[in-house]
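Q: Sharing a structure here in structure tokens format.
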Amino acid sequence: MIKNLQSLRFVFIMLIVMSHFIGSTFGFGGEGGVAFFFILSGFILSYAYEEKVKNKEFQHKSFLRKQFWKFYPLHLLTFAIMIALDARLGHYFHWTKLLANMLLLQSWIPCNDFNFVANGPSWFLSDLLYFYVIFPFLFLFLMRASRRTLAITGTIILLLYACLAASIPEDMINPLLYASPLTRQIDFAVGILLFRLCSSNIGSNIRKQMERMTPQQTTWLEIGMVLLVVISFFIYEHVTWRFCCASLFWFTLPPVLYVFYETDKRLGNITRMLHTSFMQWLGTISFEIYLTHWIVMRVTNSVMTSCGIDIDNQRLVVILITLPIIIVVAWLTQRFFVKPIYSRMALS
């Protein structure tokens, strides 16, 4: 297990959660967090299954079955709860939107009315499921292709993406650039390419240089990566949404992921913090935090409003009350729902 990346899962999940607390004024959190997880998915799957895929020992059906039982039951549970909460307020969706969401097809439909129905964050699963399907094929292509082929292919894809981003109507940016599996597979591919760099001769030489660094130098390098995230936030604030909702993070997040992967065995101060048992535990429940936080926020907002708390003007109070509840609910969900089902269905 790569402990640094495990803890960073929680850090970037918190960026997403905070974006939902704060709203559009902190779009960076949601978009940066989503990009991080798509890139991380490509990297971690490559790290975990490299040898099996290369040696044709990768059991794709078994892999898909395990991933399915890891996330789909919780998707159905959160979907049903949000539908019930909506129905309580007299808010109903057309059956086609509900069916698309239930089957995790919503991100394939280029329409905002379909993408974020019921438990809105579940659109992420629609993309992730597609990435799981294409993983072994995309991995082999990206790992075996020559640098020249990658350079030509990458240039063509970036030019096509830039043309698409610059030309589509404003109301299509979200469904086509932010949520669509076909455009977000670029993030996934970036993660695989990052793994290729780590496992290449260039990566080996970089690793040897980093091994000579003192703990103090490692700390400064880690701080530099934190500053890179901060700098990307300020860039985000001054770049049109057409490019900052996804493509900005293809260039700023991979160095962060790469450095913290390489410093995982070293003694930088930030690595020490990420290696604490509490941060590791938080990282293990990041998926449950992601899928349940909308429900918790909705319920706690309703309760606080009924208690006379002005949730719009007392945002900090709302956050301080709700965040611990989100974490506890995520832990309980994992322990008493996700793990038992996964152990019984996927590991049987």
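Q: Between Leu160 and Glu237, what is the spin-label point distance in nm, taking each point 7 Å from the Cα along the Cα→C-beta axis?
A: 3.6
Q: Can you pull the Rg over Rh of segment 12-51, Cα-only, Kirkwood? Can you show the working numbers first?
A: Values: Rg = 12.9 Å, Rh = 10.8 Å.
Using Cα coordinates only, the ratio equals 1.20.
Q: Once you put a point 7 Å from the Cα of Met210 and another 7 Å from the Cα of Leu176, both along the Cβ direction, what distance in nm separates them?
A: Placing both labels 7 Å beyond Cα along the Cβ direction yields 3.8 nm.
Q: Taking every alpha carbon pair in segment 178-243, what does the distance histogram look like in 10 angstrom bins from 0, in percent?
A: In order of increasing distance, the bins hold 17, 26, 38, 17, 1 percent.
Q: While we're here: How many percent of the accessible area of segment 38-182 is carbon or sulfur, using a 1.4 Å probe?
A: Roughly 67 percent, rounded to a whole number.
Q: Beyond 34 Å, what share of the Cα-Cα pairs of the chain remains, rounded to the nearest whole percent? Don't skip to the answer; put the middle values down first.
A: Values: 15628 of 60378 pairs.
More than 34 Å apart: 26 percent of the Cα pairs in the chain.
Q: Round to a whole angstrom and tell me the spacing of the C-alpha centers of segment 263-288 and segment 296-314.
A: So the separation of the two Cα centres works out to 32 Å.
Q: A further question follows. Between segment 26-75 and segment 129-189, how far is it from one alpha carbon centroid to the other, in angstrom?
A: The two parts, judged by their Cα centres, are 16 Å apart.
Q: Across bins of 5 angstrom width beginning at 0, how are the C-alpha pair distances of segment 69-216 distributed, in whole percent?
A: Values per bin, smallest distances first: 2, 8, 14, 15, 15, 12, 11, 9, 7, 4, 2, 1, 0.
Q: Mind giving me the FRET efficiency for Phe336 and Cys111? R0 is 41 Å, r the Cβ-Cβ distance, nearest 0.05 is fine.
A: On the way: r = 36 Å, r/R0 = 0.88.
For R0 = 41 Å, the calculated efficiency reads 0.70.
Q: Which ³J(HN,Hα) values in Hz, rounded to whole numbers, follow from the phi angles of segment 188-197 under the Karplus curve 6.51 cos²θ - 1.76 cosθ + 1.60, where θ = phi - 60° and Gly and Pro get x?
A: 4, 5, 4, x, 5, 5, 5, 5, 4, 4
Q: Please give the FRET efficiency for Ile134 paired with Ser167, using the beta carbon to beta carbon distance and R0 = 22 Å, rounded to the nearest 0.05.
A: Between Ile134 and Ser167 the formula returns 0.25.
Q: On a 0 to 90 degree scale, rounded to 10, what angle separates helix 215-237 from the longest Cα axis of the chain?
A: 50
Q: Please compute the per residue accessible area over segment 234-348 with all protein chains in place, 1.4 Å probe, rounded to a whole number of Å².
A: Result: 51 Å² of accessible area for each residue.
Q: Here's another thing I want to ask about it. Using 0.36 nm per residue of separation minus the Cα-Cα distance, give me the extension gain between Ile325 and Lys265 in nm, one decimal.
A: Fully extending the segment from Ile325 to Lys265 adds 18.3 nm.
The values are calculated or read from the model by the stated rules, or taken from the named source; none is laboratory data. Since the structure is predicted, the reported quantities are computational estimates derived from the model, not experimental observations. All Cβ positions, glycine included, derive from the backbone under ideal geometry; neighbour counts span all protein chains shown. For accessibility, only protein heavy atoms count, side chains too; no ligands or nucleic acids. Shrake-Rupley method; radii C 1.70, N 1.55, O 1.52, S 1.80 Å.
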